[in-house]
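These notes concern the structure reproduced below.
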Amino acid sequence: MNSILPSHSTFVSGVRPARPRISVVMVVYQTGEALAGSIRHVLDEPLVDEFVIIDNGSPPQDAEMLRSLGLTEPRVVLQQGHGNVGFARGANMGAETARGEYIIFLNPDANLQKDCVAALVTAFRGQPVPTVVGARVLNTDGSEQRGGRRGEVTPVTTLLSFGHLTGRFPGLAKFEIHREREPVPHTPVPMPTISGACFALRRADFDLLNGFDEGFFLHVEDIDLCWRARQAGGQVLFQPKARVVHLGHTSLEHPLKVEFHKGVGLSRYFIKRADSIQRYLLAVLLAPAILLMSVSRPLIWKITGRPI
């Protein structure tokens with residue numbers, strides 16, 4: 001994690017609490033109409049002491065709205081002018097700026113629901129360092145969104161997941177890692193991978209993990225963080241009582257570019273975590289297929305009329 005902020009970055013902020021307990025970090029880039037609603041839900045939450053917004057690049061109207069917010073809302077700390085440095089780098093910048101004991105990372109197209117923040121924070125009681133706590137991610141109709149709680153993400157499970165093959169062929173069911181169709185637990189439970197749409201760490205967790213791996217530009221940095229937390233002897237928890245509505249697919253950026261970054265990130269992740277020559281070669285050999293399947297998704301969405 002690079003702790004040196006770009007020299008041309010600017011901060012705009014009101015008067016923050018002397019010792020904030022809970023900080024929310026939001027990285028913004030070409031979000032679209034969902035941004036205003038997501039910000040409103042954060043500011044409506046009284047437990048949020050500090051709201052750090054890293055603007056990687058917004059349209060002029062949104063950029064001006066954020067500047068106005070930074071000047072008028074005491075809890076908001078805004079950073080603009082550094083350009084699109086990617087999500088992982090932006091999230092690290094936000095965490096470096098945040099002063100809370102707890103840091104909640106929230107997507108700019110995700111809306112906090114009642115008691116979400118409280119549920120995330122209470123899940124840390126008695127838990128080791130590092131611990132990552134993920135929220136229960138919902139669609140706008142209240143159903144649980146795919147990807148909110150998952151098993152181990154591997155090259156094989158990724159390829160099968162892209163094609164929804166585990167649901168089509170019973171013999172492949174053992175490779176299914178998405179668990180949104182399973183009963184919702186009543187308490188926080190260990191989960192190999194949670195969604196990056198809304199999750200929390202304590203400051204000590206973030207520091208021990210040295211933040212996000214900035215080698216990931218967009219997507220997969222959350223999967224990598226979960227894996228590294230478990231590798232460090234910590235854990236990842238799914239907190240069912242922390243609910244967030246994730247709109248998804250609101251970005252003004254072209255879907256092909258977004259999916260390209262996802263494919264590159266997944267390939268890099270599998271190569272990074274390979275712990276044997278066999279797994280390294282498998283990750284390298286499957287990288288082109290993963291990238292191809294990832295970038296083909298927008299075309300499939302257009303044909304079918306729905307995301308996959």
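The values are calculated or read from the model by the stated rules, or taken from the named source; none is laboratory data. Computed from a predicted model, the values in this text were never measured in an experiment. Note: ideal-geometry Cβ built from the backbone for every residue, glycine included; neighbour counts use all protein chains shown.
Assess whether Q145 counts as being over 17 Å from the mean Cα position of the chain (by Cα) and either within 29 Å of Y280 (Cβ to Cβ) or among the polar types (S, T, N, Q) (or both).
Numbers: over 17 Å from the mean Cα position of the chain (by Cα): no; either within 29 Å of Y280 (Cβ to Cβ) or among the polar types (S, T, N, Q) (or both): yes.
Taking the combined requirement at face value, the residue does not satisfy it.
Residues to consider are G167, G171, G163; find the one that is in contact (Cβ under 8 Å) with a residue 60 or more places away in the chain, farther than 30 Å from A204 by Cα, surrounded by fewer than 20 Cβ atoms within 10 Å (Cβ to Cβ) and more than 22 Å from the chain's Cα centre (by Cα). It would help to see each step written out before you state the result.
Details: G167 fails: in contact (Cβ under 8 Å) with a residue 60 or more places away in the chain; G171 fails: in contact (Cβ under 8 Å) with a residue 60 or more places away in the chain.
Within the list G167, G171, G163, the selection yields G163.
For residues that are in a loop (DSSP other than H, G, I, E, B) and surrounded by 15 or more Cβ atoms within 10 Å (Cβ to Cβ), scanning just the stretch 16-40, find the one that is nearest to the chain's Cα centre (by Cα).
Initial filter on the stretch 16-40 (in a loop (DSSP other than H, G, I, E, B)): 16-21, 30-33.
From what's left, surrounded by 15 or more Cβ atoms within 10 Å (Cβ to Cβ): 16, 20, 30-32.
Details: R16: 25, P20: 22, Q30: 16, T31: 14, G32: 18 Å.
Applying the filter and picking the extreme gives T31.
For the stretch 132-144, how many residues meet the condition of being surrounded by 20 or more Cβ atoms within 10 Å (Cβ to Cβ) and either among the hydrophobic types (A, V, I, L, M, F, W, C) or in a loop (DSSP other than H, G, I, E, B) (or both)? Before the answer, list the steps.
Kept after step one, since they are surrounded by 20 or more Cβ atoms within 10 Å (Cβ to Cβ), are these residues of the stretch 132-144: 132-138.
From what's left, either among the hydrophobic types (A, V, I, L, M, F, W, C) or in a loop (DSSP other than H, G, I, E, B) (or both): 132-133, 135, 137-138.
Result for the stretch 132-144: 5.
Regarding the stretch 46-67, can at least one residue be identified that is assigned by TED's automatic domain parsing to the domain that holds K114, β-branched (V, I, T) and not in a strand (DSSP E or B)?
Going residue by residue through the stretch 46-67, those that are assigned by TED's automatic domain parsing to the domain that holds K114 are 46-67.
Pick out the ones that are also β-branched (V, I, T) and you get 48, 52-54.
Keeping just the survivors that are not in a strand (DSSP E or B) gives 48.
Yes, because at least one residue in the stretch 46-67 is assigned by TED's automatic domain parsing to the domain that holds K114, β-branched (V, I, T) and not in a strand (DSSP E or B).
Which of (1) more than 27 Å from N111 (Cβ to Cβ); (2) touching a helix residue (DSSP H, G or I) at 6+ places or on another chain (Cβ under 8 Å) does Q231 not meet, given it meets every other one?
(2)
T158 is checked against (1) under 27 Å from Q30 (Cβ atoms); (2) more than 18 Å from the chain's Cα centre (by Cα); (3) in the same structural domain as S276 (by TED's automatic domain parsing) and fails just one. What number does that condition carry?
(2)
Quick one: in the stretch 266-301, which of the residues that are of a type in the set (S, T, Y) and surrounded by fewer than 18 Cβ atoms within 10 Å (Cβ to Cβ) is nearest to the chain's Cα centre (by Cα)?
S296
Every residue in the stretch 150-182 that is of a type in the set (A, V, I, L, M, F, W, C), in contact with a Ser or Thr (Cβ under 6 Å, 6 or more places away or on another chain) and not in a loop (DSSP other than H, G, I, E, B), please. First the steps, then the outcome.
Here is the first cut: in the stretch 150-182, the residues of a type in the set (A, V, I, L, M, F, W, C) are 153, 156, 159-160, 162, 165, 169, 172-173, 175, 177.
Still in the running and in contact with a Ser or Thr (Cβ under 6 Å, 6 or more places away or on another chain): 153, 160, 172-173, 175, 177.
Those that are of a type in the set (A, V, I, L, M, F, W, C), in contact with a Ser or Thr (Cβ under 6 Å, 6 or more places away or on another chain) and not in a loop (DSSP other than H, G, I, E, B): L160, L172, A173, F175.
Look at V129 and say whether it is buried (at least 20 other Cβ atoms within 10 Å of the Cβ) and either touching a helix residue (DSSP H, G or I) at 6+ places or on another chain (Cβ under 7 Å) or in the same structural domain as Y29 (by TED's automatic domain parsing) (or both). Break it down stepwise before answering.
Working: buried (at least 20 other Cβ atoms within 10 Å of the Cβ): no; either touching a helix residue (DSSP H, G or I) at 6+ places or on another chain (Cβ under 7 Å) or in the same structural domain as Y29 (by TED's automatic domain parsing) (or both): yes.
Here the answer is no, as V129 does not meet what is asked.
Quick one: count up the residues across the stretch 78-114 that are within 13 Å of I39 (Cβ to Cβ) and outside any loop (DSSP other than H, G, I, E, B).
We begin by selecting, within the stretch 78-114, every residue within 13 Å of I39 (Cβ to Cβ); these are 78, 106-112.
Still in the list and also outside any loop (DSSP other than H, G, I, E, B): 78, 106, 110-112.
Counting residues in the stretch 78-114 that are within 13 Å of I39 (Cβ to Cβ) and outside any loop (DSSP other than H, G, I, E, B) gives 5.
Please list, ordered by first then second residue, the pairs with beta carbon atoms under 7 Å, 6 or more apart or interchain, first in the stretch 102-128 and farther than 17 Å from T187 by Cβ, second surrounded by 24 or more Cβ atoms within 10 Å (Cβ to Cβ) and at pLDDT below 95.
Going by the 7 Å Cβ cut-off, the qualifying pairs are P108/T31; D109/T31.
Which numbered condition in (1) surrounded by fewer than 16 Cβ atoms within 10 Å (Cβ to Cβ); (2) outside any loop (DSSP other than H, G, I, E, B); (3) among the β-branched types (V, I, T) is the only one that V117 fails?
The one condition V117 does not meet is (1).
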